[in-house]
Amino acid sequence: MTVSISSFKNAFNGGTRANRFVVEGNIPFSSGGFTKFHIKATTIPAVSSERIEYPYFGRKAYYPGEKKYGLWSVTVIDDTGTDGDLWKKFHNWQNRINNHETNISIIPGINVDYKAYNWNIKHLNLNGEENPHKTYTMHGCWPKTIGEIRLSMTNINTLVEFEVTFSMDWIEIAGVTDVVPSTQ
């Protein structure tokens, strides 16, 4: 078999691009939210299975344990437009989870959930069409860390950005189907 640039290009199908994505979600306890253009960068969190060790006749047997999800972070371009200050909205959300002054949740009602559901990262196709190549849905996410805002007189022609790191319950990847082994 001859390996050539043409055969590589024909077998590769173009690949996916790291700069073609959108993040969609609503910030709880706020009116409005952000548009898909407020997120400058994001990560797809790591997913791992813990390992259970069991000693067996002088050796270790290993079994898969609980699934563990990494933290999810986004870089937000701050905006004070008609929807309001995004940095304040994230802080308001975190403050409702646990108020600094009272050390209690100020969520109205007894069973109101502070988590956001169905935040999506849509990894767009090669040409950036809205029909995504992959969709990752973050379930039960909440802001663990709201990053610093750096201000400097030397940063001219620069937009303010900050990081938000989320903790979450689990990640759903559209189109990934669990395969159940046969019992034959």
Filter result (free of Cβ contacts under 8 Å to residues at least 40 places away in the same chain and either within 17 Å of the chain's Cα centre (by Cα) or surrounded by 10 or more Cβ atoms within 10 Å (Cβ to Cβ) (or both)) within segment 144-157: 145, 147, 150, 155
For residue 67: the one exception among (1) surrounded by 13 or more Cβ atoms within 10 Å (Cβ to Cβ); (2) in contact (Cβ under 8 Å) with a residue 60 or more places away in the chain; (3) not small (Gly, Ala, Ser): (1)
Candidate set: segment 165-179, residues that are assigned to a loop (DSSP other than H, G, I, E, B) and modelled with pLDDT of 90 or more; chosen: the one farthest from the chain's Cα centre (by Cα): 169
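The values are calculated or read from the model by the stated rules, or taken from the named source; none is laboratory data. Predicted model only: the values in this text are computed from it and were never measured. Positions of Cβ are backbone-derived with ideal geometry, glycine not excepted, and every protein chain shown enters the neighbour counts.
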